[in-house]
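Here is the structure we will look at.
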Amino acid sequence: MTAPLLEVTGLTTTFGTGGKRASAVRGLDFTLEPGKVLGIVGESGSGKSVAMMSMLQLLAPSAKVTGSAIYKGRDLITMGPRDIRKIRGKEIGCIFQDPLSAFNPVKTIGHQIVEAILLHDSKISKRAATEHATSLLADVAIPQPGERLGQYPHEFSGGMRQRAMIAMALANGPNLLIADEPTTALDVTVQAQILDLLRKLTEERGIATILITHDLGVVAGMADEIMVMYAGRVVERGSAEAIFYDTRHPYTRGLIAAMPKLDGPGEILRAIEGTPPSIWTRPPGCSFAPRCSFAIEACRTTEPGLRRVGETETACMRAEELDKGMPA
Amino acid sequence: MLKYILRRILTIPLLLLGVASVAFMLSQMTKGDPLAALVPERMMSDPAVVAAIKAQWGLDEPLPVRYVYYMGNLLRGDMGTSFTTRRPVSTDIAERLPATLELVVAAMIVGTVVGMGIGLVSARFRNTAIDGAGRGFALLGSSVPIFWSGLILLYIFSVRLKWTPGTGRLDARTQPPEGITGFYTIDAALAADWPVFVQALSHLLLPALVLGWSVTGIVARLVRSSLLESLGQDYIRTARAKGAPEHRVLLGHALPNALIPVLTVLGFTFAYLITGAVLTEAIFSWPGIGSYAVSSARSLDYPAIGGVTIVGATAFLLANLVTDLAYAWANPRIKLQ
Ligand SMILES: Nc1ncnc2c1ncn2[C@@H]1O[C@H](COP(=O)(O)OP(=O)(O)OP(=O)(O)O)[C@@H](O)[C@H]1O
Ligand code: SF4
Ligand SMILES: [Mg+2]
């Protein structure tokens with residue numbers, strides 16, 4: 001077993017002012033080895049983005065972060081502003097959901113990629129940085145990269161913009177890439193292309209990746225390990241295979257049932273009924289209980305912890321009973 | 001682009017004719033009588049004199065005829081003769097416009113520089129004491145009446161401390177510098193007449209500060225709120241995620257976006273002040289367009305009122321054009337055609 005690239009322990013993030021605080025992320029633990037792909041899956045509001053932004057200290061000052069995120073032996077959470085800046089964009093690259101709003105509308109794509117390069121390399125000339133940016137655009141298969149550099153974000157199509165965003169995230173050869181719903185804002189046909197591109201580039205370069213999505217289908221072919229989050233916690237985790245074929249958690253089952261099937265075009269998606277609780281109104285006991293068709297009395301009082309049952313680690317007190325055969 | 005600008009410039013005279021027509025009609029509709037300015041009071045009772053003067057100024061013609069005359073003269077570039085100064089309105093304006101422009105330009109420079117500075121610092125240190133002080137200063141600037149701040153500053157700096165000279169553009173006995181711009185500071189500098197330059201600048205200082213303070217208020221509040229809005233956008237998070245330091249995030253990413261709405265307001269503030277600097281001009285005895293507007297309105301001096309209206313409208317139309325161009329320059333998503 002190689003030394004982990006990133007080791008997160010007890011990551012907890014709370015929002016609010018004074019006495020009124022609520023936690024968006026509650027005690028997140030995971031490790032990521034170099035070159036591996038971790039998928040984080042969960043519905044909107046489950047705390048996926050907040051967890052990632054916490055690690056990079058990108059949240060507003062109203063957020064309080066505790067726990068640790070040890071990257072190459074140093075804790076990102078307690079790092080000073082200068083040090084974390086050297087990590088951001090250099091060691092850890094980020095791709096965001098909506099590439100239109102993620103680019104500055106009044107600067108050219110080239111300007112923004114070149115800036116990313118210059119920020120971490122004070123010795124490189126502007127010309128060399130521009131050449132590097134051109135080759136980055138070529139790497140992400142953007143045609144006529146030289147001309148494209150001089151264009152503004154609104155002159156790119158959605159897919160091209162996300163390619164450019166990937167190019168920018170890879171500009172300084174990061175060891176870790178955080179892709180926060182990189183395909184959610186894109187057309188279905190473009191989604192697959194972007195995922196293929198991401199997989200190809202990170203594999204080639206041995207970049208570890210955290211791939212965030214609310215669609216299990218996105219991580220299916222890509223992730224080595226999958227974490228399912230609900231209401232700020234991990235409710236199930238395991239290898240991609242185990243999650244798909246040996247899941248024990250009713251929520252994961254719901255997500256699998258909600259996956260768009262490529263075969264059977266007319267099939268109606270079975271979304272999980274109800275909505276996740278807000279961080280301010282989380283119920284006691286298992287957070288999923290109000291929506292869970294397996295919930296029993298004990299579920300509403302005691303919050304189950306993660307434990308190994310079968311192939312996965314699950315936070316469900318009825319995990320043993322919920323064997324593969326049982327309907328979701 | 002050039003075609004666009006040309007087209008816009010060519011429409012300006014047409015719009016001005018419309019504005020002039022409306023101004024003409026409006027001034028005819030008022031109940032007052034311009035004869036008061038034309039006929040010496042003791043001759044008012046002599047119908048012959050009144051009729052002669054009416055005929056001399058064309059006031060005896062019916063309205064449509066006067067309108068046609070007026071517009072015809074305008075088309076030839078003649079704005080008529082002022083009832084009060086008895087000089088061509090264009091001469092009056094040519095003399096007074098540079099004074100106003102010099103004052104307004106100086107005030108805009110003060111207001112923009114100080115306002116942007118305060119807006120930036122306020123946004124950077126939002127909700128701290130620094131922010132509070134900056135916002136307070138800006139709020140005072142846009143809410144304290146100019147006649148009050150003007151008189152107070154004049155009293156403190158000119159009367160008590162004697163740091164600045166009195167009112168007017170120059171000391172009483174100083175000959176205005178010869179020059180093409182009509183800005184005494186620039187004309188004196190171009191002629192390398194440094195004593196006059198210093199004098200003109202010191203006369204300009206207080207009125208420019210007073211007027212500029214009110215501009216500061218507008219600019220600072222707008223820059224602050226616009227910056228805060230920009231700072232909440234996704235591209236700011238991207239910039240930080242790239243490793244950009246905070247000052248770069250603020251100046252390099254938030255500011256260029258935040259300035260887009262500010263440009264529009266700056267353009268209109270400038271145009272507004274051309275005729276709207278009345279109070280400042282009155283307090284500092286500044287011989288500009290604003291005080292000309294007031295005196296011509298008071299005596300129903302139609303030609304002068306028309307002239308001032310045309311100047312004001314031109315200022316707005318030009319400011320509008322420049323603003324649109326600046327807007328397109330600052331915002332690549334806009335295409336002019
Ligand atoms: N600045 C904030 N102040 C208060 N609450 C916040 C703040 N940012 C996020 N939250 C809350 O934290 C919770 C988790 O949000 P987060 O953005 O991490 O969800 P997510 O899993 O990324 O969902 P999505 O799919 O919508 O991106 C949400 O309930 C959200 O309302
Ligand atoms: S603990 Fe209970 S409520 Fe929660 S997921 Fe399991 S069965 Fe459902
Ligand atoms: Mg998110």
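The values are calculated or read from the model by the stated rules, or taken from the named source; none is laboratory data. Note that this is a predicted model, so its numbers are computed, not measured. Methodologically, a virtual Cβ is constructed for each residue, glycine included, from the backbone with ideal geometry; neighbour enumeration extends over all protein chains shown. These area figures cover heavy atoms from the full protein model, side chains too; ligands, DNA and RNA do not enter into them. Shrake-Rupley method; radii C 1.70, N 1.55, O 1.52, S 1.80 Å.
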How far is it, in nm, from the label point at A:Arg199 to the one at B:Leu161 when both lie 7 Å from their Cα along the line to the Cβ? 7.3
Contact-by-burial set, the range B:320-337, min loss 50 Å², accessible area of protein heavy atoms with 1.4 Å probe, reference chain alone, gives B:Pro332, B:Arg333
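Of the DSSP beta bridges with both residues in chain A, give the percent that are antiparallel, rounding to the nearest 5. The partial results should precede the final answer.
Numbers: 29 of 48 bridges.
Restricted to chain A, the bridges split so that about 60 percent are antiparallel.
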Full extension from B:Ser285 to B:Leu35: what is 0.36 nm times the residue separation minus their Cα-Cα distance, to one decimal in nm? 87.3 nm
Rounded to 10°, Cα long-axis angle of helix A:188-205 versus longest principal axis of chain A: 70
Label-point separation in nm, A:Val188 to B:Ser142, each point 7 Å along Cα→Cβ: 5.0
Alpha-carbon Rg with Dmax, taken over the range B:224-272, Å: 12.7, 43
Taking chain B and counting helices only, DSSP H stretches of n ≥ 4 at -39,500 (n - 2.57) each over all residues, the nearest-500 ellipticity at 222 nm comes to -23500 deg cm²/dmol
Starting from the Cα gyration tensor of the range B:238-337, multiply each eigenvalue by 5, take the square root, and state the resulting semi-axes largest first in whole Å. 41, 17, 6
Angle in degrees between helix A:126-139 and the longest Cα principal axis of chain A, rounded to the nearest 10: 50
Using +1 on the beta carbon of Lys and Arg, -1 on that of Asp and Glu, and nothing else charged, what's the dipole of chain B about the Cα centre, debye to 20? 1160
Any idea what log10 I(q)/I(0) is at q = 0.11, 0.12, 0.21, 0.26 Å⁻¹ for the range B:79-154, Debye with uniform C-alpha scatterers and no solvent? -0.50, -0.56, -0.97, -1.12
Point-to-point label distance, B:Gln28-B:Leu6, nm (Cα→Cβ direction, 7 Å offset): 3.7
Multiplying the sequence separation of B:Ala133 and B:Ala328 by 0.36 nm and subtracting their Cα-Cα distance, what value in nm do you get? 66.8 nm
Accessible area buried between chains A and B, both sides summed, probe 1.4 Å, in Å² to nearest 100: 2000
Round to the nearest 10 and report in Å² the accessible area of B:Val159, as given by a 1.4 Å probe over the protein chains' heavy atoms. 80
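Can you compute the charge dipole magnitude of chain A about its Cα centre, using +1 on each Lys and Arg Cβ and -1 on each Asp and Glu Cβ, nothing else charged? Give it in debye, rounded to the nearest 20. Numbers along the way, then the final one.
On the way: 36 positive and 36 negative charges, 236 e Å.
Dipole magnitude for chain A comes out near 1140 debye.
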Please label the shape of the range A:130-203 as rounded, prolate or oblate, based on the square roots a ≥ b ≥ c of the eigenvalues of the alpha-carbon gyration tensor (a/c under 1.5 means rounded; beyond that, a/b larger than b/c means prolate, else oblate). oblate
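Between B:His247 and B:Leu201, how high is the FRET efficiency from 1/(1 + (r/R0)^6) when r is the Cβ-Cβ distance and R₀ = 45 Å? Nearest 0.05. All intermediate terms of the calculation are to be shown ahead of the outcome.
Details: r = 33 Å, r/R0 = 0.73.
That pair, B:His247 with B:Leu201, gives E of 0.85.
Evaluate Rg over Rh across the range B:2-75, taking Cα atoms for both radii and Kirkwood's formula for Rh. Before the final figure, lay out each step's value.
On the way: Rg = 17.5 Å, Rh = 14.8 Å.
Ratio value, two decimals: 1.18.
Where in chain B are the helices, taken as whole DSSP H runs, whose Cα atoms extend 20 angstrom or more along the long axis and whose Kyte-Doolittle mean reaches at least 1.6?
On the way: long enough: B:2-29 (41 Å, 1.45); B:89-124 (49 Å, 1.24); B:129-143 (21 Å, 0.61); B:194-231 (47 Å, 1.22); B:255-276 (30 Å, 1.58); B:302-330 (41 Å, 1.27).
None pass (Cα extent of 20 Å or more, hydropathy at least 1.6).
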If you take the beta carbon distance between B:Ala55 and B:Leu14 as r and set R0 to 41 Å, what does 1/(1 + (r/R0)^6) give as a FRET efficiency, to the nearest 0.05? 0.80
Evaluate Rg over Rh across the range A:171-321, taking Cα atoms for both radii and Kirkwood's formula for Rh. 1.00
Hey, can you find the accessible area per residue of chain B for me, probe 1.4 Å, expressed in square angstrom? 51
Gyration tensor over alpha-carbon atoms, the range B:95-330, equivalent ellipsoid semi-axes in Å: 35, 21, 17
Would you jot down the residues in the range A:57-84 that end up with at least 10 Å² less accessible area in the complete protein assembly than in the chain alone, with a 1.4 Å probe? A:Leu58
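Multiplying the sequence separation of A:Gln144 and A:Lys20 by 0.36 nm and subtracting their Cα-Cα distance, what value in nm do you get? If you can, show how the numbers build up before the last one.
On the way: separation 124, 0.36 × 124 = 44.64 nm, distance 5.31 nm.
Separation in residues times 0.36 nm, less the Cα-Cα distance, equals 39.3 nm.
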Just the Kirkwood number for the protein assembly as shown, please: inverse of mean 1/r across all distinct Cα pairs, in Å, one decimal. 30.5
Volume per residue of the C-alpha convex hull in chain A, rounded to whole Å³: 147
So how tilted is helix A:109-120 from the main axis of chain A? Cα-based, degrees 0 to 90, rounded to 10. 80
Taking a point 7 angstrom from the Cα of B:Val68 along the C-beta vector, which residues in the range B:1-24 have backbone N less than 20 Å away? B:17-18, B:20-24
For the range A:167-300, with the dipole built from +1 on Lys and Arg beta-carbon atoms and -1 on Asp and Glu ones, taken about the Cα centre, which of A:Ala167, A:Met259, A:Trp280 lies farthest toward the positive end? A:Trp280
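Within the range A:12-171, what whole-number % of the accessible surface is contributed by carbon and sulfur, with the 1.4 Å probe and all protein chains included in the calculation?
Numbers: 3330 of 6410 Å².
Answer for the range A:12-171: carbon and sulfur cover 52 percent of the accessible area.
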Threshold 40 Å², the range B:194-238 residues less accessible with all protein chains present than alone (1.4 Å probe): B:Asp234, B:Tyr235, B:Arg237, B:Thr238
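Please report, as a whole percent, how much of the solvent-accessible surface of the range B:204-337 comes from carbon and sulfur atoms (probe radius 1.4 Å).
Working: 3240 of 4880 Å².
Result for the range B:204-337: 67 percent of the exposed heavy-atom area is carbon or sulfur.
Leaving out ligands, DNA and RNA, and with a 1.4 Å probe, what % of the accessible surface on the range B:2-75 is carbon or sulfur? Display every interim value, and only then the final one.
Values: 3480 of 4950 Å².
Whole-percent figure for carbon plus sulfur exposure: 70.
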With every protein chain in place, what's the accessible area of B:Val121 (1.4 Å probe, Å², nearest 10)? 60
Let me see the pair-distance distribution of the range A:80-209: every alpha carbon pair, 10 Å bin width, integer percents in order. 13, 46, 35, 5, 0
